[in-house]
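The values are calculated or read from the model by the stated rules, or taken from the named source; none is laboratory data. These numbers come from a predicted model, not from an experiment. Cβ atoms come from the backbone with ideal geometry, glycine included; neighbour counts cover every protein chain shown. All accessible areas refer to the heavy atoms of the entire protein, side chains included, with ligands and DNA or RNA removed. Shrake-Rupley method; radii C 1.70, N 1.55, O 1.52, S 1.80 Å.
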Amino acid sequence: MSITHPGRFSAAITAENARGLVAVIPDIKCVSPKEGDLLRGRDPVDVAQALVRGGAPVLSVVTERERFGGSAELLSAIAQAVNVPVLRKDFITHADQLEETAALGAAAVLLICAITDEKNLRALYEKTLTLGMEPFVEVHTAQEMKQANQLGARLVGINNRNIVTFEKDDGGPGRTAALASGVPAGALLISESGILSAEDAKLAAASGANAVLVGTALWQARDMGAIYQALRVETCAPA
């Protein structure tokens, strides 16, 4: 089962590609298991609004509480505060989490191949579609990319780091380059994590990425707006 017409989240990425740019998806993340506190006293809702004013076509919001400091309440607050589609990032394994996600106002939801079995992944994928959201299928290995193909996924993220170890490794866009050729035909490809510079974004783009999802590099920058603009590199994939 797949999306016949792109949803709001995909459409916003495609529109940025049509401008000749790789879409930069800011990751609203309060804590990094590797780097620690990212907010440093900042209000994440204020930051989200500023990034949208700076051109962000979509946002990602991490809602996992224990290790990443997120919450469902944060997702709801941001979804209400901005006029762009929002992705929920969490460890989603049950259908009731999807119903909650839809109620919170998310346009898309992260489904991680590494944390569930194939049968449950398919059930979650199809349930997401029935709720009017887009399934964002995350892979980290060639085998998981095969699962994305079997689903007919239209929105595929390659996590350059290992989510099973909470992204404490030093993976970068080389992982995207290694796996990109296996992406389902016609799917949008997002390179996630380990995008630290314009050079990293360019490597992801050269591999065919339509978007890069960036968190820590934005939050640790002296000038978040400037690094955001620097990451908006030219796309190498067809618009």
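State the percentage of accessible surface on the stretch 54-135 attributable to carbon and sulfur atoms; use a 1.4 Å probe and exclude ligands, DNA and RNA. Can you show the working numbers first?
On the way: 1460 of 3140 Å².
Exposed carbon and sulfur together represent 46 percent of the surface.
In deg cm²/dmol, rounded to 500, what helix-only [θ] at 222 nm does the chain give when every DSSP H run of at least 4 residues adds -39500 (n - 2.57) and the total is split over its residues? Present the calculation step by step, with values, prior to reporting the outcome.
Values: 10 runs with 90 residues, N = 239.
Computed ellipticity for the chain at 222 nm equals -10500 deg cm²/dmol.
Under the rule that an exposed site lies in a DSSP loop and has at most 10 other Cβ atoms within 10 Å, name the longest stretch of the chain with no trypsin sites (Lys or Arg not before Pro) of that kind, not counting the sites themselves. Don't jump to the answer; show the numbers that get you there.
Values: sites that count: 40, 222.
For trypsin sites (Lys or Arg not before Pro) (loop position, at most 10 other Cβ atoms within 10 Å), the longest site-free span of the chain is 41-221.
Among 172, 157, 55, which one moves the most in a GNM of the chain with springs linking Cα atoms closer than 10 Å?
Answer for the Gaussian network model of the chain: 55.
Per residue, how much accessible surface does the chain expose to a 1.4 Å probe? Answer in Å², no decimals.
Averaged over the residues of the chain, the accessible area is 41 Å².
Tell me, what is the percent relative contact order of the chain, built from C-alpha pairs under 8 Å that lie six or more residues apart?
Details: 501 pairs, mean separation 51.2, N = 239.
Relative contact order, the chain: 21 percent.
Which ³J(HN,Hα) values in Hz, rounded to whole numbers, follow from the phi angles of the stretch 149-155 under the Karplus curve 6.51 cos²θ - 1.76 cosθ + 1.60, where θ = phi - 60° and Gly and Pro get x?
5, 4, 6, x, 4, 9, 9
Setting aside same-chain residues fewer than 8 positions from residue 29, which lysines have a Cα under 21 Å from its Cα?
In chain and number order, the partners are 89, 168.
Quick one: compute the contact order of the stretch 96-195, relative version, from alpha carbon pairs under 8 angstrom and 6+ residues apart, as a percent. Mind dumping the intermediate values first?
Numbers: 163 pairs, mean separation 24.1, N = 100.
Reported relative contact order: 24 percent.
Work out how much length residue 142 to residue 115 would gain on full extension: take 0.36 nm times their residue separation and subtract the Cα-Cα distance, in nm to one decimal. All intermediate terms of the calculation are to be shown ahead of the outcome.
On the way: separation 27, 0.36 × 27 = 9.72 nm, distance 1.54 nm.
Length gained between residue 142 and residue 115: 8.2 nm.
Of the listed values (i) 115; (ii) 107; (iii) 156, identify the label whose number matches volume of the Cα convex hull per residue in Å³ calculated from this model.
It is the value labelled (ii).
Looking at the stretch 1-142, what % of its DSSP beta bridges pair antiparallel, to the nearest 5?
Working: 2 of 15 bridges.
If I count the DSSP bridges inside the stretch 1-142, around 15 percent turn out antiparallel.
Can you work out ³J(HN,Hα) from phi for every residue in the stretch 187-197, in order, using Karplus 6.51 cos²θ - 1.76 cosθ + 1.60 and θ = phi - 60°, giving whole Hz and x for Gly and Pro?
7, 7, 10, 10, 8, 10, 6, x, 8, 10, 7
Normalised by the residues of the stretch 1-87, what does the relative contact order come to in percent, with Cα pairs under 8 Å and at least six apart? Intermediate results must be reported in sequence, preceding the final value.
Working: 110 pairs, mean separation 27.4, N = 87.
So the answer I get is 31 percent.
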